[in-house]
Amino acid sequence: MSDKYAVIGNPIAHSKSPLIHEAFAKQTGQKISYERILAPLDGFEVTLESLVTQGYKGVNVTVPFKLEAYELCQTHTGRAFVAGASNTLIFNGGHIAGDNTDGAGLVNDIEKNLEVCLQGKQILLLGAGGAAQGVLQPLLEAQPKVITVANRNVDKAHLMLKRLAIKQATCGISVLSFEALTQQYDVIINATSAGLTETALPIANGIFSNNSLAYDMMYGRETPFMQQARENGAQVADGLGMLVEQAAEAFYIWRGVRPETQPVIAMLRAL
Ligand code: NDP
């Protein structure tokens, strides 16, 4: 009998998680099954309870349920607690523990796959939603020189910092509006969902340089952010590597084995 896992979201048909986890399982000789599960927008809790009852070992959670998942977990890891959102749940009998692997996925992709060290760098984080909230603490742990957070709703960015209990003056963190960004950054991370609607962000060309990495968490297509960064000389990356890296971290939590991510990223790029 294989241990059962799944990813829950709405919509979910597009999810590459089953492909990724099947590849990890094959590579590491683990016997698991992994499926996509569409939960009704008002039916996440019922769906989760049903999977626990059916003996699933854990699930990944994606849009729009990460915050609800966090609330339904009985215990949280430190990084899930800081993020206030859970994308990886571990079922142990009736007990549900919540983790968040998005930040580790991003930092691993940037440092390991793209070979850009974040220590001592000036980082700009665009966005203050669930994804930004999940990656801010892991970014801080990478010891950059400065992190600037910019969001369309500036108050939300301030709230995010408050939630993470970050004192602006002591940590080199500040909040700006998109329009107030003027200086160049070493690493610019787009954690907004503006790319979903092909919307360009109102950010100046001057924040990019030939030495910048512009990272869009979205994957699957070139976003206006990526286009703008490319036109202004930056190295550009999408979020496919982050997707695979956060999955690898979840696989490790569930199975105690760390899969190789590079072949899986290459497989997805080739599709
Ligand atoms: P949320 O809905 O929680 O947050 C959306 C964010 O985008 C907010 O900061 C919002 O600003 C901003 N935003 C939305 N539309 C616009 C716009 N037109 N102009 C400017 N800002 C805008 O989404 P998530 O944080 O969960 O996800 C963000 C992105 O990250 C998505 O594209 C998602 O697919 C991607 N992602 C990728 C992952 C990966 O593994 N590669 C993992 C997790 C997320 P405001 O607060 O002002 O509304």
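The values are calculated or read from the model by the stated rules, or taken from the named source; none is laboratory data. The structure presented is a predicted model; accordingly, all values stated were derived computationally and were not measured. Here Cβ is always computed from backbone atoms with ideal geometry, including for glycine, and neighbour counts include all displayed protein chains. Keep in mind that these areas ignore ligands, DNA and RNA; they rest on the heavy atoms of the full protein, side chains included. Shrake-Rupley method; radii C 1.70, N 1.55, O 1.52, S 1.80 Å.
Surrounded by fewer than 23 Cβ atoms within 10 Å (Cβ to Cβ) and over 30 Å from Met267 (Cα atoms): does that describe Asn232? Reasoning before the result, please.
Numbers: surrounded by fewer than 23 Cβ atoms within 10 Å (Cβ to Cβ): yes; over 30 Å from Met267 (Cα atoms): no.
The answer is no for Asn232.
Being closer than 12 Å to Val187 by Cβ, in contact with a Pro (Cβ under 9 Å, 6 or more places away or on another chain) and in contact (Cβ under 8 Å) with a residue 60 or more places away in the chain is the filter here; which residues of the stretch 92-128 pass it? Selection gives Leu106, Leu118, Lys121, Gln122, Ile123.
Here's the yes/no breakdown for (1) modelled with pLDDT under 95; (2) not hydrophobic (A, V, I, L, M, F, W, C):
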residue: Leu114; (1), (2): no, no
residue: Val135; (1), (2): yes, no
residue: Asp155; (1), (2): no, yes
residue: Gly172; (1), (2): yes, yes
residue: Gln184; (1), (2): no, yes
residue: Ile188; (1), (2): no, no
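Candidates in the stretch 196-218 are the residues that are more than 6 Å from the ligand (Cβ to nearest atom) and among the hydrophobic types (A, V, I, L, M, F, W, C); of these, the one that is most open to solvent (accessible area, probe 1.4 Å) is Ala200.
Mind checking whether some residue in the stretch 149-160 is surrounded by 14 or more Cβ atoms within 10 Å (Cβ to Cβ) and either more than 13 Å from the ligand (Cβ to nearest atom) or closer than 18 Å to Asn108 by Cβ (or both)? Among the residues of the stretch 149-160, not one is surrounded by 14 or more Cβ atoms within 10 Å (Cβ to Cβ) and either more than 13 Å from the ligand (Cβ to nearest atom) or closer than 18 Å to Asn108 by Cβ (or both), which makes the answer no. So for the stretch 254-270 (the condition being in contact with a Lys or Arg (Cβ under 6 Å, 6 or more places away or on another chain), hydroxyl-bearing (Ser, Thr, Tyr) and not assigned by TED's automatic domain parsing to the domain that holds Ala142), does at least one residue qualify? No: the stretch 254-270 contains no residue that is in contact with a Lys or Arg (Cβ under 6 Å, 6 or more places away or on another chain), hydroxyl-bearing (Ser, Thr, Tyr) and not assigned by TED's automatic domain parsing to the domain that holds Ala142. Pro224 meets each of the listed conditions (1) open to solvent by less than 30 Å² (accessible area, probe 1.4 Å); (2) assigned by TED's automatic domain parsing to the domain that holds Ala25 apart from (2).
Basic (Lys, Arg) and at pLDDT below 90: is that true of Lys167 in this structure? Steps first, answer last, please.
Working: basic (Lys, Arg): yes; at pLDDT below 90: yes.
So Lys167 fits the description; yes.
Residues in the stretch 249-271 that are touching a residue at least 40 places away in the same chain (Cβ under 8 Å) and within 16 Å of Thr77 (Cβ to Cβ): Glu249, Ala250, Phe251, Ile253, Trp254. Any chance the stretch 166-180 includes a residue that's within 16 Å of the ligand (Cβ to nearest atom), surrounded by 16 or more Cβ atoms within 10 Å (Cβ to Cβ) and within 24 Å of Gly220 (Cα to Cα)? Scanning the stretch 166-180, I find no residue that is within 16 Å of the ligand (Cβ to nearest atom), surrounded by 16 or more Cβ atoms within 10 Å (Cβ to Cβ) and within 24 Å of Gly220 (Cα to Cα), so the answer is no.
Checking Gly29 against (1) touching a residue at least 60 places away in the same chain (Cβ under 8 Å); (2) at positive phi; (3) not hydroxyl-bearing (Ser, Thr, Tyr), which test does it fail? Gly29 satisfies all of (1) touching a residue at least 60 places away in the same chain (Cβ under 8 Å); (2) at positive phi; (3) not hydroxyl-bearing (Ser, Thr, Tyr) except (1). For the stretch 39-139, the helices (runs of 4 or more DSSP H) that sit wholly inside it and include 3 or more residues that are open to solvent by 10 Å² or more (accessible area, probe 1.4 Å) and within 16 Å of the ligand (Cβ to nearest atom) are 66-72, 102-108. Taken as a whole, the condition of being more than 12 Å from the ligand (Cβ to nearest atom), part of a helix (DSSP H, G or I) and closer than 25 Å to Lys16 by Cα does not apply to Val244. For the stretch 84-120, a tally of residues being touching a Leu at 6+ places or on another chain (Cβ under 9 Å) and not polar (S, T, N, Q) returns 18.
Can you confirm whether Ser193 is within 13 Å of the ligand (Cβ to nearest atom), within 20 Å of the chain's Cα centre (by Cα) and surrounded by 13 or more Cβ atoms within 10 Å (Cβ to Cβ)? Please lay out each step first, then the result.
Working: within 13 Å of the ligand (Cβ to nearest atom): yes; within 20 Å of the chain's Cα centre (by Cα): yes; surrounded by 13 or more Cβ atoms within 10 Å (Cβ to Cβ): yes.
Yes: the conditions hold for Ser193.
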